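Take a look at the structure below.
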Amino acid sequence: MVLPKETATVSAAETGKKSTSAAVPAGVAPASATKSTTSPPTITSAPGSTRLIALAGNPNCGKSALFNRLTGLYVNVSNFPGTTVDISKGSWLGAELIDTPGVYGVGSYSDEERIARDSLLQADVVINVVNATTLERDLFLTLQLLDMGVPMVIALNMMDEAEHLGIKLDIPMLAHLTGVPVVPIVAIAGRGIDELTKAVASPKIGISDAQAIKAVQEERRRLAAEAQETGRIADPGRIADPGRISQGMLLLLAEGDEEIAQRLGVPPGEHRELIYTQRRRRADRLAAKVIKGGGEQKLGQILGEWTARPIVGIPVLLLVLWGLYWFIGVVVAQIVVEYTEGILFTEYYEPFVRQLMATFLSAENFVYKLLAGEFGLLTMTVTYLFGLLLPLVAGFYLVLSIMEDSGYLPRVALLTDKILNRLGLNGRAVIPMILGLGCVTMATFTTRVLASKRERTIALALLGIAIPCSAQLGVIAVLVTPLGLAAVAFYVAIILLIYGLIGVTLNRMLPGRSSDLLLDLPPLRLPQPANILKKTASRVSAFLAEAAPIFAVGVLLVAVLQETGILEAIQRAVGPLTAGWLQLPPESAQAFVMGLVRRDFGAAGLYSLAMTAHQKLVASITITLFVPCIASMLVLFKERGVRDALAIFLGSIFVAIGTGGLVSRLIYLIGWNLP
């Protein structure tokens, strides 16, 4: 979405003049840029319903930090109906508090905007969180909320950073020009929260722009004429008659929101360009009146500018990625997991459970094998979730929270945007790709940050086929590294080639294009340790709550297949394929089938086989490209549905087996003698 930024003209509200106008329908502000004469609304809802307070703001305005401060992190994270975008809900002041996605405007350009729009249309009160250091930019959304006629309060956040930068703001003037309470706060430190609480008890409908109100009136007349002509409107159950349609919905209709127009059964309005231009001008004029002192460039801003430039940013990014891999791939995946999974759970927990279960059931009993066998619900499920996944997930979310709160993550997205555009993605996709190197199951959940279904499909295909998890990488490193530097380089080149080919192919096959990357680059700052730990704990618990049932179902399924002999039959069936086409030992079939359970199980199975150097390289490439583990597949089915998940599943088998066989023959063809 382009926000026009042009030289301002002064509206009636800004000059202090009041316009007169004819009477307007109930519920709509007068057609002028003056404050509504309606008495301030209170946070009340219909009997039996829950009051709803919505937080709204631009990305990186500190909205989530305020949400966490207000709710104490006792929140519920869930999907918004019909989307894969997470929203956070909590309780505050006896009402339901919703943290809407960060957006630059309310509309229908992405899932985030649609969620924010629908939440704001239903809200009793809106808290508009504004970044005090980027006031001119944030005011566009503020003015749109004012034009929607919602009861609101402005929370002017990051006042400490504004003071540090020498930015002086005339807060009473901002309150006067907008017509709503303005409360200066520092959300991360809890400053101003008491004052905000008092202000939210008495929100106000602010000053709407004259041009916006004129457009709203035109849309109401158009709807009335449509209703009179047809005798109905599109959604009579939701909207009784045109006179009761909210000002916010009419404004969005005037701005050309196609989804709102579809709900109302009329063509979208044609006022968007005029309203947006006037709003941008008004934001510029308002900012000029409120901002009294310019900011001085500080060290964080200087470093932030340099790390966003490719000549410095790319080397820094490579260093950060190396540090990320070292921390997750070495410290967590090898040292920590070796203790938690290899010692704590495998040597102590699982024997204890089996001994306990043996007092009730025979080791040959079917129920015993389901609960405490090799793939038992009380053994493998618990060991995998808490011995392997928990350290990896906690480590990744810890690093991710540090990158977020320091302001560095948007720079990573910016630096990788052009490369990912060629694959049909944008810079946002770097997050699930990095996470996938730790755990593909976890990364699959994070594809929800991508703006469109098309991008999520491409990202999930890349994760499911060409991104090895850290547990698998550790075993593969043991297999490939002894073969020499040339073999390692060849392995990496083949995986990157397949990664690129899949992305480019899907980008050309799937309709549409990658969405534009709209980023705010905040200054680099030192993150608050307490906030980092709270955010990490919240994300880890949410992940485990969602992933644990899925993995338990997967393990139970594998246990049933093993006990019924189906797993062994599958291994025998694929034996000729691995021995004939891949030119691997027939026993390798078992390793590939076990890779369905856990990727590192498959790689470990290959490690235990007696193979030539040539076979080790082919096997490592094939198992890397092979299907995701069963937990990842179940999450994939949940996220994308049966059709897309099956396509990725079957596609990964075809790509892995096809690439492995071709590589095997290529090595023989060129006569490469591996050590």
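The values are calculated or read from the model by the stated rules, or taken from the named source; none is laboratory data. Quick caveat: nothing in here was measured; it's all calculated off a predicted structure. As a convention, Cβ positions derive from the backbone with ideal geometry for all residues, glycine included, and neighbour counts pool all protein chains shown. Calculation scope for accessible area: heavy atoms of the full protein, side chains included, ligands and nucleic acids excluded. Shrake-Rupley method; radii C 1.70, N 1.55, O 1.52, S 1.80 Å.
Here are the numbers for this structure:
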| quantity | calculated |
| --- | --- |
| Theoretical gain in end-to-end length, LEU356 to ALA573 [0.36 nm per residue, Cα-Cα removed] | 74.4 nm |
| Protection-proxy order for peptides 568-577, 541-550, 160-169, each taking the mean of Cβ atoms within 10 Å per residue, highest first | 160-169, 541-550, 568-577 |
| Local electrostatic count, GLY269, Cβ distance below 9 Å [Lys/Arg +1, Asp/Glu -1] | -3 |
| Theoretical FRET efficiency, 1/(1+(r/R0)^6), r = Cβ-Cβ of THR346 and GLU259, R0 45 Å, to 0.05 | 0.30 |
| Total charge dipole magnitude, segment 487-553, about the Cα centre, Cβ charges on Lys, Arg, Asp, Glu only, Debye to nearest 20 | 120 |
| Peptides ranked, highest mean first, by Cβ atoms within 10 Å: ranges 260-269, 125-134 | 125-134, 260-269 |
| Protein accessible area in segment 575-652, 1.4 Å probe - carbon and sulfur % | 68 |
| Accessible surface of segment 139-195 [probe 1.4 Å, protein heavy atoms]: carbon and sulfur percent | 58 |
| Spatially proximal aspartates and glutamates relative to LYS204 (Cα-Cα < 15 Å; intrachain offsets below 8 disregarded) | ASP124, ASP147 |
| Per residue value of the accessible surface for segment 472-599 (all protein chains in place, 1.4 Å probe), Å² | 50 |
| Portion, in percent, of the accessible area of segment 434-486 that falls on carbon or sulfur, probe 1.4 Å | 81 |
| Of LYS63/LYS89; LYS453/LYS638; LYS63/LYS292; LYS418/LYS453; LYS63/LYS535, pairs whose Cα-Cα distance is over 23 Å | LYS63/LYS292 |
| Rg(Cα)/(2.2 N^0.38 Å) for segment 331-375, N = residue count | 1.39 |
| Partner aspartates and glutamates for LYS616 [C-alpha distance under 20 Å; skip if fewer than 8 residues away on the same chain] | GLU587, ASP600 |
| Simple Cβ-charge dipole of segment 247-398, Lys/Arg +1 and Asp/Glu -1, about Cα centre, in debye nearest 20 | 1040 |
| Isotropic mean projected area of the C-alpha convex hull, segment 556-632 (nm²) | 4.8 |
